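Structure, as structure tokens:
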Amino acid sequence: QFHGKAYTVRNDFHYLSRTKSVPLRFRSFEFHCVTMPKALVKNGAEFFGVETAERRGVTLHVTNLERTLVDVMDRPDLSGSWEEIWRSLELVEFFNLDQVVEYALLLENATTAARVGFYLDQHREALMVEDEHLAPLRKLRPRQPHYLDRSKRKSGTLVKDWNLMVPEDVLHRTWEEMA
């Protein structure tokens with residue numbers, strides 16, 4: 001949302017911290033703490049893909065678009081529906097794909113790597129994705145099939161390249177038919 005690429009504007013925001021905290025409410029806004037991924041702390045890479053920006057005279061640290069892509073694939077529960085995720089990411093014209101892959105690998109999470117790979121695979125032409133970007137993600141993918149959304153284990157189609165069970169609405173982007 002900070003980058004102006006959110007499909008839907010929301011009043012809840014997530015921030016990263018090394019320690020947990022209770023949600024904070026200020027006016028109509030709600031702020032939720034998300035703890036730093038353990039693999040980033042272990043690898044000393046907490047600030048990978050973090051940029052400094054200014055908003056109304058306040059200096060902020062925000063994740064760049066590349067890290068944001070991977071973070072929403074890593075924690076889709078914080079990002080709304082898959083339709084929201086897809087539509088928001090599709091508002092981004094360009095990603096540094098080397099940085100996307102590097103960050104996805106830093107998280108050391110097979111399901112996240114598969115989700116990122118699946119998304120990039122679906123957007124090969126628009127994002128100019130090459131096999132060299134997908135190969136390292138494919139190496140890290142799960143050995144057994146995983147659900148795209150573990151919390152909603154809906155039936156779907158197994159996308160063998162990524163060992164992901166993908167719901168039909170995501171696989172075929174059926175929300176586009178409703179527009």
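Here are some notes:
- Distance between modelled label sites at LYS160 and HIS14, nm, 7 Å Cα→Cβ extension: 3.3
- Ratio Rg/Rh [Cα only; Rh per Kirkwood] for region 1-120: 0.94
- Max mean-square fluctuation residue, GNM over the chain, Cα-Cα springs under 10 Å, options ARG56, ARG124, ARG153: ARG56
- Only aspartates and glutamates eight or more places from LYS42 in sequence, or on another chain, were considered; those with a Cα closer than 13 Å are GLU108.
- In the context of the full protein assembly, LYS152 retains an accessible surface of approximately 130 Å², using a probe radius of 1.4 Å and ignoring ligands and nucleic acids.
- Stretched out straight at 0.36 nm per residue, the stretch from VAL41 to PHE94 would grow longer than its current Cα-Cα span by 16.3 nm.
- Exposure rule at most 11 other beta-carbon atoms within 10 Å, DSSP loop GluC sites (Glu not before Pro): the chain longest free segment: 1-92
- Within straight-line reach of LYS160, meaning a Cα separation under 19 Å, sit the following aspartates and glutamates at least 8 residues removed in sequence or on another chain: ASP121, GLU130, ASP131, GLU132, ASP149, GLU168, ASP169.
- Relative contact order (percent, whole number), region 107-179, Cα cutoff 8 Å, 6+ residue spacing: 28
- When nucleic acids and ligands are ignored and a 1.4 Å probe is applied, MET165 ends up with an accessible area of around 40 Å².
- Net +/- balance of residues flanking THR35 in space, Cβ distance below 10 Å, scoring K and R +1, D and E -1: +3
- Looking at the chain alone, DSSP beta bridges between its own residues are antiparallel in about 60 percent of cases.
- Looking at the chain, the accessible area is 60 square angstrom per residue; that uses a 1.4 Å probe and ignores ligands, DNA and RNA.
- Between ALA113, ALA135, ALA104, the GNM of the chain built on Cα springs shorter than 10 angstrom shows ALA135 fluctuating the most.
- Here's how it looks for LEU164: its modeled amide H is under 5 Å from those of HIS146, VAL159, which are all 5 or more places away or on a different chain.
- Proximity of backbone amide H atoms, modeled 1.01 Å from N, is registered between ASP12 and GLU30 at under 5 Å, excluding neighbours fewer than 5 places apart on the same chain.
- Of SER79, SER17, SER28, the one that fluctuates the most in a GNM where the chain has Cα springs shorter than 10 Å: SER28
- Solvent-accessible area, 1.4 Å probe, carbon plus sulfur percent, for region 1-140: 53
The values are calculated or read from the model by the stated rules, or taken from the named source; none is laboratory data. Small disclaimer: the values here were computed from a predicted structure and weren't measured. Neighbour counts are summed over all protein chains in view; Cβ atoms, including those assigned to glycine, are modelled from backbone coordinates with ideal geometry. We work out accessible area using only protein heavy atoms, side chains counted, and drop any ligands, DNA or RNA first. Shrake-Rupley method; radii C 1.70, N 1.55, O 1.52, S 1.80 Å.
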